[in-house]
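A short reminder: the numbers here are calculations on the coordinates, not readings from a lab. These numbers come from a predicted model, not from an experiment. Please note: Cβ atoms are built from the backbone with ideal geometry, for glycine as well, and neighbour counts cover all protein chains shown.
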Amino acid sequence: MYIVGYIDDENDVMADYIKRLARRDIEMKIAPKGDMESIKKWIVKEHVECMMIDYQLSGTYGFVGTELFSYLNDELPGLPCMILTSYTDSSVQENKVVQNCIFDRSKMDRTGEEFEQFCEIIKQSSEVFKYNLSKYKQKYEMLYQKRTDGSIRPEEEEELLSVFKILRAYGEVDDISSQLLTTKVSATLDSVLEKLDDLLKK
C-alpha cells in the first residue's frame, strides 16, 4: 500500500477520492487543519510518502499550496509533493514550483487511462521516496560506524551531518544535537569523561 497525504480546504469530494485511490493500492490520508509546522509533523507521524496539495488553501489555512510546497521542500528534503489546481497557468507563473509538479486537479475526477496514469505517478513518487530514504539510512549507518571507529574523513563527517539532518526530519534517528556527531566534540567529551572518571576514582 502506498501512503499519500492530501490537503484541501474542500471536503465534499474526499470520501470519493479515498475510495477510488484505495482500489489502486493507494491509501489517501487527509491532512488536519493547522499551520505549516503542524502539517509537517503530521506527515512524519503518518509516514506519508507523497503529498498532494491543493493550490487554493488560503480561505482556510492562510497560505496557498505553493507556499506549503516550498516549506515542505525545505523541512522534509526529498518528500515528493504535487500541486493540484484548476488554475495551472497561475501556479506556473508564480515560479515557486517546477511545472512538472503542477497537475490539473480534474485528473482526480477522471476515469480511464488518464486517472490510471496519475495513479502511476503517485506510486512511482512513493517508490522513489522510500528508496532514497533507505539509501540515506544505509549511508548514515556506514558513516556513523566510521566515525565511531575513528576512520571518518572530514568530508565524510560533513556528509554524516547532512544525512543525519534529513533522517532526523523524518524521525528516523534519535533527536540528538548534530554537534555530537563531529569528531572534535566527541574527542572533547571523551576527554572530559576520562577526567571525571579519574576524579571519581580518587
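Kindly flag which residue pairs out of LYS45/LYS139; LYS123/LYS165; LYS107/LYS130; LYS19/LYS135; LYS33/LYS96; LYS33/LYS135 have an alpha-carbon separation exceeding 30 Å in this structure.
Checking Cα-Cα distances, LYS19/LYS135; LYS33/LYS135 exceed 30 Å.
Could you go through the range 7-22 in sequence order and give the Karplus-derived ³J(HN,Hα) for each residue, using 6.51 cos²θ - 1.76 cosθ + 1.60 with θ = phi - 60°, rounded to whole Hz, and x for Gly and Pro?
Residue by residue, the range 7-22 yields 10, 7, 9, 10, 9, 5, 10, 4, 4, 5, 4, 4, 5, 5, 6, 4 Hz.
Please state, rounded to one decimal and in Å, the Kirkwood hydrodynamic radius that the range 109-157 gives when every pair of distinct Cα atoms enters the mean of 1/r. Walk me through the numbers before you get to the answer.
Working: mean 1/r = 0.0740 Å⁻¹.
For the range 109-157, the Kirkwood estimate is 13.5 Å.
Scan around CYS81 for amide H atoms under 5 Å from its own, H built in the peptide plane at 1.01 Å from N, and keep only partners 5 or more places away or cross-chain.
MET51
Would you mind classifying the range 2-130 by shape? Square roots of the alpha carbon gyration tensor eigenvalues, ordered a ≥ b ≥ c; an a/c under 1.5 is rounded, otherwise it is prolate if a/b is larger than b/c and oblate if not.
Details: a/c = 1.31, a/b = 1.16, b/c = 1.13.
Rounded is the answer for the range 2-130, as its axis ratio a/c remains below 1.5.
Could you pull out every residue, at least 5 positions away or on a different chain, whose amide H is within less than 5 Å of the one on TYR2? Hs are placed 1.01 Å off N in the peptide plane, and Pro or chain starts have none.
So TYR2 has HN proximity to ILE26, GLU27.
Just to check I understand the Karplus step: with θ = phi - 60° and J = 6.51 cos²θ - 1.76 cosθ + 1.60, what whole-Hz values come out for the range 99-113, glycine and proline as x?
Along the range 99-113, the couplings run 4, 5, 9, 10, 10, 5, 5, 5, 4, 6, 9, 7, 10, x, 4 Hz.
Could you order peptides 131-144, 45-58, 65-78 by the average number of other Cβ atoms within 10 Å of their residues, highest first?
Final packing ranking: 45-58, 65-78, 131-144.
Report relative contact order for the range 2-130 in percent, whole number only (criteria: Cα-Cα under 8 Å, sequence separation at least 6).
25
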